[in-house]
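Report on the following structure.
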Amino acid sequence: MEEKREKNYRLINMNDVEARKVDWLWYPYIPYGKVSIVQGDPGEGKTTFILRLAALLTKGEPLPGEEGQNLREPINVIYQNAEDGLEDTIKPRLLEAGADCSRVMVIDESLKSLTMTDERLVRAIKETGAKMVVLDPIQAYLGANVDMHRANEIRPLMKRVAVLAEKYHCAIILIGHMNKNSNGKSSYRGLGSIDFQAAARSVLIVGRIKDEPEIRVVCH
């Protein structure tokens, strides 16, 4: 047992660590190789927002704030949604946004639900080379035995997803709903453990302007 502990013990000297810059899918909101969270109240436009981004990315067009910049390379996207139908909701929204649907892939969940620890997720990223992976919403992809309010269960799960994002240099985006507590800080209004937000590199909140309900705002 003592020998096993010794094998698992290693000190990292920061002098030996090579500093590197973060690459961005969308600067400064969504980084490559990291986990990002997009959250908001139900019906506020989280899914529409992500599908609009996906549409631009599949065509290599500039994202908001990048107008005037050179065209980027189109990328493949994996989009998993446990709440809306592919045929009557997701596909029409992609078409409306002008997406190149040949670059949007969905792992078939008809026989078995997908989880964050599912090897099919790894396989799909490797086979498609997807640079954006979306799981919508978070709680649908935790697995039946994971309590989203327990930090000790969420931390290893988020660590695994973060390692996956880093290994394949893709942006993994988790979509989350907000709780009903409107009095606290927005960072504490995400459903489940605060460890979701703590483990993410970037958190975006989608909401509407009070006096202009047709306008949505994305806050970093």
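The values are calculated or read from the model by the stated rules, or taken from the named source; none is laboratory data. Everything numeric here is computed off the predicted structure, so don't read it as measured data. Reconstructed Cβ throughout: ideal geometry from the backbone, glycine too, with neighbour counts over all protein chains shown. What goes into the accessible areas is simple: the full protein's heavy atoms, side chains included, and nothing from ligands, DNA or RNA. Shrake-Rupley method; radii C 1.70, N 1.55, O 1.52, S 1.80 Å.
How many Å² of accessible area per residue for segment 1-71, probe 1.4 Å?
I get 69 Å² per residue for segment 1-71.
Give the long-range amide H neighbours of residue 105: residues separated by 5 or more places, or on another chain, with amide H under 5 Å away, using H modelled in the peptide plane at 1.01 Å from N.
77, 78, 79
Out of 66, 18, 87, any idea which swings most in a Gaussian network model of the chain, alpha carbons joined below 10 Å?
It is 18.
Name the residue from 215, 49, 202 whose Cα lies farthest towards the positive end of the charge dipole of the chain, charges +1 on Cβ of Lys and Arg and -1 on Cβ of Asp and Glu.
After comparing all options, I get 202.
Over the chain, with a Gaussian network built from C-alpha contacts below 10 Å, which listed residue (176, 60, 40) shows the highest mean-square fluctuation?
Maximum fluctuation in the GNM of the chain, among the listed residues, is at 60.
Classify segment 1-123 as rounded, prolate or oblate from the Cα gyration tensor: take a ≥ b ≥ c as the square roots of its eigenvalues, call it rounded if a/c is under 1.5, otherwise prolate when a/b beats b/c and oblate if not.
Oblate, because a/c is 1.5 or more while a/b does not exceed b/c.
Can you pull the percent of segment 1-152's accessible area that's carbon plus sulfur, 1.4 Å probe, other chains left in place?
Answer for segment 1-152: carbon and sulfur cover 48 percent of the accessible area.
Nearest 20 debye, what's the magnitude of the dipole of the chain about its Cα centre given +1 on Lys and Arg Cβ and -1 on Asp and Glu Cβ?
Dipole of the chain, to the nearest 20 debye: 600 debye.
Per-residue accessible area for residue 17 at 1.4 Å probe radius, Å² rounded to 10?
Number for this one is 70 Å².
If you take mean projected area of the Cα convex hull in nm² from the coordinates, which of (1) 12.3; (2) 11.2; (3) 16.0 do you get?
Read-out from the structure maps to (3).
Need one number: nm distance between label points at residue 216 and residue 95, each 7 Å from Cα along Cα→Cβ, rounded to one decimal.
Rounded to a tenth, the inter-label distance reads 2.0 nm.
Ordering 170, 101 from largest to smallest accessible area (1.4 angstrom probe), what's the sequence?
Ranking 170, 101 by accessible area, largest first, yields 101, 170.
Counting only the heavy atoms of the protein chains, how much of residue 52 is accessible to a 1.4 Å probe, in Å² to the nearest 10?
110
So what's the back-of-envelope 222 nm ellipticity for the chain, counting only DSSP H runs of four-plus at -39500 (n - 2.57) apiece and dividing by all residues, rounded to 500?
-8000 deg cm²/dmol
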